[in-house]
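The values are calculated or read from the model by the stated rules, or taken from the named source; none is laboratory data. This structure is a prediction, so every number in the text was calculated from the model and none was measured. Here Cβ is always computed from backbone atoms with ideal geometry, including for glycine, and neighbour counts include all displayed protein chains.
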Amino acid sequence: MAKIKLTKTELKKQTDALKRFQRFLPMLQLKKQQLQAEIAQIAANLEKVVERERIARQKLSSWVGLFSGDVNELKQLVKINRVETDSANIAGVTIPVFKSLDTSIEEYDLYATPVWYDDATQAMHELLSLKAERAVFAKQHELITAELTTTSQRVNLFEKVKIPECKENIRVIKISIGDEQTAAVTRGKLAKSRTKHAKVEDAA
């Protein structure tokens, strides 16, 4: 603990700091709760997307056999152009929000290819879209978790360090000031007593 000045000015400084910490702490605790709730929601959303992706993979596997088992041939039909995202603010954290996946389909001869090519490319688009959505949810989780870590550290700093430190400093300063006041009163009484005694001796 840093050495403090045992003065009334320092007492006011410590008192103001304590009030400030006590005012900010509830806001930090609320933010921590909001972030924890958001992480739980993101985790639930991520779990749902993973399950949908699993189903999409199963659906796609029915087409893989028709490509002589070469899934790369199927993948080459659908090209990813870009992932469309928006942004949202959660407890002061800007996170990406998945909107859609922009893809393009390689041209193929409609007369020389089976009719199920259309269904296969649609299934591949769906799978790629779910993978992109999962990646965005993972990024959300990463950003919110990082902010939660920082917020939790601040809550602990205020609760376990700053507020107790200010309270102890205030206690020590008040004791010191009280002792000084008591000593001042005692010195005043002694001085008054000496003055009175001196007057008595002079009178004699």
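For residue 75, the conditions (1) touching a helix residue (DSSP H, G or I) at 6+ places or on another chain (Cβ under 8 Å); (2) within 21 Å of residue 49 (Cβ to Cβ); (3) modelled with pLDDT of 80 or more all hold with the exception of (3). None of 161, 136, 155 is in a helix (DSSP H, G or I) and more than 21 Å from residue 40 (Cβ to Cβ) except 161. The lone criterion from (1) at pLDDT 95 or above; (2) more than 30 Å from residue 131 (Cβ to Cβ); (3) not in a helix (DSSP H, G or I) left unmet by residue 24 is number (3). What about residue 161, is it of a type in the set (A, V, I, L, M), modelled with pLDDT under 85 and surrounded by fewer than 16 Cβ atoms within 10 Å (Cβ to Cβ)? Against the criterion (of a type in the set (A, V, I, L, M), modelled with pLDDT under 85 and surrounded by fewer than 16 Cβ atoms within 10 Å (Cβ to Cβ)), residue 161 does not qualify.
Scanning the stretch 155-182 for residues that are free of Cβ contacts under 8 Å to residues at least 12 places away in the same chain and among the small types (Gly, Ala, Ser) yields a total of 1.
Looking only at residues in the stretch 10-66 that are hydrophobic (A, V, I, L, M, F, W, C) and either touching a Cys at 6+ places or on another chain (Cβ under 8 Å) or on the phi > 0 side of the Ramachandran plot (or both), which one is surrounded by the fewest Cβ atoms within 10 Å (Cβ to Cβ)? Before the answer, list the steps.
Our first condition is that a residue be hydrophobic (A, V, I, L, M, F, W, C); within the stretch 10-66, this holds for 11, 17-18, 21, 24-25, 27-28, 30, 35, 37, 39-40, 42-44, 46, 49-50, 55-56, 60, 63-64, 66.
Restricting the remaining residues to those that are either touching a Cys at 6+ places or on another chain (Cβ under 8 Å) or on the phi > 0 side of the Ramachandran plot (or both) gives 17-18, 21.
Working: 17: 16, 18: 18, 21: 19.
Filtering first and then ranking leaves 17.
Considering the stretch 98-119, and only residues there that are closer than 17 Å to residue 53 by Cβ and not aromatic (Phe, Trp, Tyr), the residue that is modelled with the lowest pLDDT turns out to be 103. From the list 143, 148, the one residue that fits, being in contact (Cβ under 8 Å) with a residue 24 or more places away in the chain, out of contact with any strand residue (DSSP E or B) (no Cβ under 8 Å at 6 or more places or on another chain) and either of a type outside the set (Lys, Arg) or under 30 Å from residue 25 (Cβ atoms) (or both), is 148. Determine whether residue 138 is at pLDDT 95 or above and not acidic (Asp, Glu). Against the criterion (at pLDDT 95 or above and not acidic (Asp, Glu)), residue 138 qualifies.
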